[in-house]
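Report on the following structure.
The values are calculated or read from the model by the stated rules, or taken from the named source; none is laboratory data. Not measured: the values here are computed from a predicted model. When we count neighbours, we look across all protein chains shown, and the Cβ atoms used for this are built from the backbone with ideal geometry, even at glycine. Surface accessibility is based on the protein's heavy atoms, side chains included, excluding ligands, DNA and RNA. Shrake-Rupley method; radii C 1.70, N 1.55, O 1.52, S 1.80 Å.
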Amino acid sequence: MSHNAHSHPETASANQDEEYLLSEQEAVLAATLALMTGFAHGCCPAHKGPIAAKVADQLSALVHSMQGPQLSCDMQALLLRLRTRWTAAAAHYAEAHLNEMRSDLRSQADAAAAAAMHMPAAASPTQTPDVLWHAPLETLQ
């Protein structure tokens with residue numbers, strides 16, 4: 001007896017695109033959780049700062065969109081504390097990325113300076129070469 005994807009509901013649903021009808025608050029929460037998941041799964045260091053900043057923005061949006069009876073005071077406080085932590089993480093990763101870029105630029109500048117020091121005199125861009133492309137002016141007349 002052969003089994004296909006349609007014989008198992010869980011397999012069939014796994015093969016379909018994930019598409020949900022969510023309220024605005026649920027969509028913001030889902031986006032925030034997706035960003036947190038991406039961050040946790042080890043995106044490259046250059047993207048960690050911007051992703052952490054976006055998580056902090058999304059947490060703020062959650063607090064503002066769900067104020068009132070939809071969100072308890074304790075939940076608001078929790079989301080605001082999380083936002084503070086994610087904002088600090090964003091600043092940390094942004095600074096680390098800037099320091100890494102500065103270090104790379106310094107390394108490139110050091111390598112260029114070292115290469116310039118070992119360049120032969122005739123190949124130096126600041127000196128004119130001894131070889132002329134045409135005969136001296138007095139021999140042309």
Check your understanding: Just by accessible area at a 1.4 angstrom probe, what is the order of 26, 18 from largest to smallest?
Key -> 18, 26
Review point. Which percent of the accessible area of region 75-120 is formed by carbon and sulfur heavy atoms (probe 1.4 angstrom)?
Key: 63
Check your understanding: Can you give the extra length, in nm with one decimal, that the chain gains between residue 26 and residue 41 once fully stretched, where that is 0.36 nm per residue apart less the Cα-Cα distance?
Key -> 3.2 nm
Revision key, fill the gap. Residue 101 and residue 113 label points (each 7 Å along its Cα→Cβ direction) are spaced in nm at 2.2
